[in-house]
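Everything on this sheet refers to the single structure shown next.
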Amino acid sequence: MEITEDGVLLRPWRDGDAEAVHKACQDPDIQRWTTVPRPYLPEHALGFVTEMSGTAWAEGTGAPFAVCDPATGELLGSCGLISIDRDGTGEVGYWTAPWARGRGVMVRATRAVARWSFDTLGLRRLIWQAEVGNHASRLVALRAGFRIDGRLRLANPATQSGADGWIGSLLPGEVPAPGATGPAGHGTLAARRAAVFGRPQPTLFATTGAGELRLRQMEERDLDAVVQTCRDPESIRWTTVPDPYERSDAQGYQVYGQDAWARGEAACFVVADPDDRYAATVDLRLSPTDALLADVGFMTAPVARGRGYLPAALVALSAWGFATLGLARIEWRANVGNTASRRVAEKAGFTFEGTARGGVQHRGERVDVWVAALLAEDLA
């Protein structure tokens, strides 16, 4: 069985593929995100191409293909059905050889497998799963037409981290045509964000009268300053930081920021002063119910207050959110009476919209909150 479509050849595995498979599976990303044995030895590759793949075809439990260059025969990756259920559901799995990345190979291969699965096998549905944080796989799935439907808790305990998993589905008629660029309409924004969160968190820059600020990931050297900031009476009064605040809490917040970026749910930055010392934190959190909405939260170190750092940082972060994540609206909320936070938001261009009665839970009770927002056109 062979499929040739859109510049890729998909064929059953052969004994001679073992060396290339072994070479590809030394790649750290393949070992990080898949369940291949670690270390991956030559006998693992030989067993896969001679036994495992053949058994799946013979028993009808799967349809694994080698993805090759149709002109040269070079192995480019692996794509196929890793399971086929009696109810007409198949699950897609794939990896791309390191030397073939950045060419859209797996998007084209996955579309070809999906089309064949529906047209030839008569399947009624395909599913895709990946560990949360595997944005490269998510991006391929979206561009192949999959709708990412949700998240499964401890989806694959066999992976290194045992993390939760994303799950998506694809139905007949939803596969993009050969040669189509980008994902289907529902996946355009999701694919854009998968590409963003699939890369390391960027460093942003803002300019104040005192010099240039850097918005960067939190580092170990920031933790003591975070602890001091979160022990400040004003921080305790207006936020929900733990009280008392310990170094372990700061470490937990650092991990939260890393995990939130990996999940594609938030971007948490330290605002570093012109000498690269901790001055504040500012977070941009995507809404789980409205793809075009996010909210901001921030906290300034006592020694850095009144210097104009936060308005400048908030403008830089908001501009990045609108331009890079495709947001339409960013909201700010603060407990009624938190005039310092309100001044920061208004200096950054946020428009005050009113008071939400009992708007948030704050240290055991519902309290009123001020609400303001910034729209993409406001910065334009």
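The values are calculated or read from the model by the stated rules, or taken from the named source; none is laboratory data. Please read these numbers as outputs of a predicted model, since none were measured by experiment. Protein only, heavy atoms only, side chains kept; ligands, DNA and RNA dropped before computing areas. Shrake-Rupley method; radii C 1.70, N 1.55, O 1.52, S 1.80 Å.
Data for the structure
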item: Vicinal HN-Hα couplings computed from phi for segment 298-303 (Karplus, 6.51 cos²θ - 1.76 cosθ + 1.60; Hz; Gly/Pro x); result: 8, 8, 10, 5, x, 6
item: Under Karplus coefficients 6.51, -1.76 and 1.60, residue-wise ³J(HN,Hα) of segment 74-82 in Hz, glycine/proline x; result: 4, 6, 10, x, 10, 8, x, 9, 7
item: Amide H contacts under 5 Å for Glu5, placed H, 5+ residues apart; result: Leu10
item: Amide H partners (placed H, <5 Å) of Ala334, local residues excluded; result: Trp370
item: Segment 31-91 versus segment 193-219: alpha-carbon centroid distance in Å; result: 40 Å
item: Share, in percent, of DSSP beta bridges within segment 12-146 that are antiparallel, nearest 5; result: 75 percent
item: Helical contribution to [θ] at 222 nm, DSSP H n ≥ 4, -39,500 (n - 2.57), averaged over the chain, rounded to 500; result: -9000 deg cm²/dmol
item: Exposure rank, largest accessible area first [Thr324, Thr4, Thr355; 1.4 Å]; result: Thr4, Thr355, Thr324
item: Derived scalar couplings ³J(HN,Hα) [segment 169-180; Karplus, 6.51 cos²θ - 1.76 cosθ + 1.60; whole Hz; x for Gly, Pro]; result: 9, 9, 10, x, x, 9, 7, x, 5, x, x, 5
item: Under 5 Å, built H, 5+ apart or other chain: amide partners of Ala66; result: Arg11, Trp13
item: Largest-first ordering by accessible area, 1.4 Å probe, given options Ser287, Ser235; result: Ser287, Ser235
item: Per residue accessible area of the chain, 1.4 Å probe, in Å²; result: 47 Å²
item: Nearest-10 value in Å² for the accessible area of Asp275, using the 1.4 Å probe; result: 110 Å²
